[in-house]
1. Every residue in segment 256-265 that is surrounded by 16 or more Cβ atoms within 10 Å (Cβ to Cβ) and not in a strand (DSSP E or B), please.
2. Which one is surrounded by the most Cβ atoms within 10 Å (Cβ to Cβ) among residues in segment 277-296 that are at pLDDT 95 or above and more than 17 Å from the chain's Cα centre (by Cα)?
3. Within the set of pairs 6+ apart or on separate chains, which have a first residue in segment 112-141 that is at positive phi and free of Cβ contacts under 8 Å to residues at least 12 places away in the same chain, a second that is part of a loop (DSSP other than H, G, I, E, B) and surrounded by 11 or more Cβ atoms within 10 Å (Cβ to Cβ), and C-beta atoms under 9 Å apart?
4. Can we say residue 98 is in contact with a strand residue (DSSP E or B) (Cβ under 9 Å, 6 or more places away or on another chain) and either surrounded by 11 or more Cβ atoms within 10 Å (Cβ to Cβ) or assigned to a loop (DSSP other than H, G, I, E, B) (or both)?
5. If you take the residues of segment 158-199 that are out of contact with any helix residue (DSSP H, G or I) (no Cβ under 7 Å at 6 or more places or on another chain) and part of a strand (DSSP E or B), which of them is surrounded by the most Cβ atoms within 10 Å (Cβ to Cβ)?
6. Consider residue 268 carefully, then state whether it is buried (at least 17 other Cβ atoms within 10 Å of the Cβ), touching a strand residue (DSSP E or B) at 6+ places or on another chain (Cβ under 6 Å) and under 27 Å from residue 60 (Cα atoms).
7. Being loosely packed, with under 11 Cβ neighbours inside 10 Å and either part of a loop (DSSP other than H, G, I, E, B) or touching a helix residue (DSSP H, G or I) at 6+ places or on another chain (Cβ under 6 Å) (or both) is the filter; apply it to segment 114-136 and report the residue that is modelled with the lowest pLDDT.
């Protein structure tokens with residue numbers, strides 16, 4: 001066992017020990033799953049993710065799970081109202097494209113109607129404005145894309161068609177917090193066989209609070225009774241079971257978003273200590289699309305889109321660095 005492996009500690013821990021973080025107890029996350037039913041299609045989606053990964057790993061292709069978009073917290077069992085958080089899914093969708101460009105197979109666990117890989121490029125353009133009507137010599141008409149309206153459409157479409165042909169992208173959808181957490185667990189367990197060849201890139205904006213199912217109103221909350229009094233519980237940090245139980249050999253990347261620059265680095269380092277994973281992408285709200293700080297147990301450094309001429313997205317720089325770190329991780333921690 002290398003020194004770096006010793007430093008990372010024993011991920012397969014059931015109770016807190018000197019090599020397992022204090023919050024490795026299963027109580028909170030197990031209680032969460034026990035208090036919520038699995039979403040429809042849970043078992044079939046888990047099997048789908050496993051078969052997708054299995055097929056690519058046979059060909060020597062690394063697999064990454066990219067989570068993307070925000071999570072909604074229902075206020076009623078038969079949902080009418082819910083609490084939401086802001087996230088367009090841009091980071092996840094963009095990152096998935098760059099992972100695919102680096103040769104990874106991607107499971108894209110995303111919020112319903114959030115941005116998706118390749119389709120995101122059309123998000124600021126009305127599709128109806130991109131399309132034109134073309135008259136044929138015989139008098140018939142057909143629909144064509146207006147290249148002047150979207151000059152990069154052809155190159156994006158070609159890449160997308162190649163991805164579809166190689167079956168390198170699997171889309172898995174969620175809406176509610178409970179659904180997301182169940183599917184994260186399903187993905188981790190479905191990919192656990194892949195060991196170090198799997199990366200988890202946890203870019204989804206996960207809600208910090210929720211209402212247990214047993215405390216939720218079954219029907220729509222009536223406004224005639226006045227403002228409701230709602231008691232929220234803290235969502236268990238699923239990095240604990242992910243790293244220590246579901247996929248203990250995987251390369252795990254989490255995100256830390258802050259508004260106070262003075263707190264950012266210490267909170268990122270604390271996350272690494274608490275959950276014993278590989279990388280935290282730390283970013284300040286106002287500059288998250290231009291600069292991030294890559295934090296590992298050994299070092300940290302800032303990367304900015306202005307540092308690289310011609311770079312379109314900060315995610316391009318993030319993914320290039322993560323791919324390099326993952327390659328080293330496989331060499332150091334993979335089978336001897």
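1. Matches in segment 256-265: 264, 265.
2. 295
3. What qualifies is 113/69; 113/89; 113/175.
4. Numbers: in contact with a strand residue (DSSP E or B) (Cβ under 9 Å, 6 or more places away or on another chain): no; either surrounded by 11 or more Cβ atoms within 10 Å (Cβ to Cβ) or assigned to a loop (DSSP other than H, G, I, E, B) (or both): yes.
Against the criterion (in contact with a strand residue (DSSP E or B) (Cβ under 9 Å, 6 or more places away or on another chain) and either surrounded by 11 or more Cβ atoms within 10 Å (Cβ to Cβ) or assigned to a loop (DSSP other than H, G, I, E, B) (or both)), residue 98 does not qualify.
5. Here the answer is 176.
6. Working: buried (at least 17 other Cβ atoms within 10 Å of the Cβ): yes; touching a strand residue (DSSP E or B) at 6+ places or on another chain (Cβ under 6 Å): yes; under 27 Å from residue 60 (Cα atoms): no.
No; evaluated as a whole, the condition is false for this residue.
7. 124
The values are calculated or read from the model by the stated rules, or taken from the named source; none is laboratory data. Just so it is clear, the structure is predicted and the values come from calculations on it, not from any experiment. So basically every Cβ, Gly included, is an ideal-geometry build from the backbone, and we count neighbours across all protein chains shown.
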